[in-house]
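Okay, so here's the structure we're looking at.
Every read-out reported here was derived from the displayed coordinates using simple, explicitly stated rules and does not represent laboratory data. Small disclaimer: the values here were computed from a predicted structure and weren't measured. Cβ coordinates were reconstructed from backbone atoms using ideal geometry, including for glycine residues, and neighbour counts include every protein chain displayed.
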Amino acid sequence: MGHDSFADPQFLWQASADDIAHSTLLGVAPNERPGMMSSAKLKVQLPNGREATLLFKPASGERDDFPGLPPGAELPVRKGTYYRSEIAAYRLSKLLDYHFVPPTIPMEVDGEIGSAQLFLPYSTVGGDLSRSDELRFSPHLNEFQKGQAQAFDYLIGNYDRHGGNWLYTTFGTTNPRLIAIDHGLSFPRGFPDLKPVKLPVTINAMMNRVDPVQMASTLLDAGIEPEAVEGVLGRWIILRAYNGSLDVSTEEQWQAQVENVRTWMKEAAARNGG
């Protein structure tokens, strides 16, 4: 007989994407709170015999009527690819050693391809849904966590961070732990007008240690379009320059970085066998 994950959720922090990939589907139920992507809750049994819940978002259920979007305007993220952004956000969070995006993998359920993300019980919605800046001012998180989240959202070009799609939990930990979800409207094509953020020294140092080729390779492997990956690399350059780690004050210096992006993309494609 399987164990109820809600009765003993602490083990879920140690569950990996590989655990999810090798889980056994036990049942499917509709999600009561769908957003820009319709979703379902999957009850699964992990390889260790424990039961867990996954949030499944099929590509076929994605919408493009984003609130506040002017009539006739298009989102810079293609409908039908949001689920890839969910997967890429998890992989990038892991690469950056942030670990606040729950394990997320591609999955096919009843012939529908989509993303499946580990649902973490005993978590609390972070803030007021009407305040997009709630995370920045949250009393539940320390400055290091806020810096990580702001850097991450800037890098991925997140269009949809608000008080309802970041969570925190105090279960099994002394300090509240950040959980970031709903990254479907991320990794836009091109260069959206996003303002870089000032980062704590420790977060800035972590940004400087990122391998751009590995980052590009990780995102391409998750199915993110090359133009969108170039945008991530460009924002990584801007973020480091804004925080004093890189000088791009002249046109010559900026063009050198543009050339770096082209080189990194070629190396990442080659690494992925492209």
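Once you order the gyration tensor axes a ≥ b ≥ c over the Cα atoms, which shape class does region 171-249 get: rounded for a/c under 1.5, otherwise prolate or oblate by comparing a/b with b/c? Cα axes put region 171-249 in the oblate bin.
Where Rh is the Kirkwood radius over the Cα pairs of region 12-271, the temperature 37 °C and the viscosity 0.692 mPa s, what D in µm²/s does Stokes-Einstein return? Don't jump to the answer; show the numbers that get you there.
On the way: Rh = 19.1 Å.
Reported coefficient: 172 µm²/s.
Selection among L239, Q150, Y122 by position relative to the dipole of region 12-271 gives Y122 as farthest towards the positive end (Cβ unit charges, Cα centre).
Straightening the chain between D65 and R262 buys 67.6 nm, computed as 0.36 nm per residue apart minus the Cα-Cα spacing. Tell me which of T24, T218, T174 sits at the most positive position along the dipole axis of region 12-271, charges placed on C-beta atoms (Lys, Arg +1; Asp, Glu -1). Sorting the options by dipole projection puts first T174.
Here the mean projected area of the convex hull built on the C-alpha positions of region 51-111 is 5.9 nm².
Under a point-charge model restricted to the Cβ atoms of Lys and Arg (+1) and Asp and Glu (-1), what is the dipole moment magnitude of region 12-271 relative to its Cα centre, in debye to the nearest 20?
Values: 25 positive and 31 negative charges, 98 e Å.
Its charge dipole is roughly 480 debye.
Applying 0.36 nm per residue to the separation of A205 and D110 and subtracting their alpha-carbon distance, the gain on full extension is 29.7 nm.
Please compare each pair in K146/K266; K41/K198; K79/K195; K43/K146; K79/K198; K41/K266 to a cut-off of 30 Å on the Cα-Cα distance and tell me which ones are over it. Please report the intermediate quantities before stating the final value.
Working: K146/K266 33 Å; K41/K198 38 Å; K79/K195 25 Å; K43/K146 32 Å; K79/K198 32 Å; K41/K266 39 Å.
Those over the limit are K146/K266; K41/K198; K43/K146; K79/K198; K41/K266.
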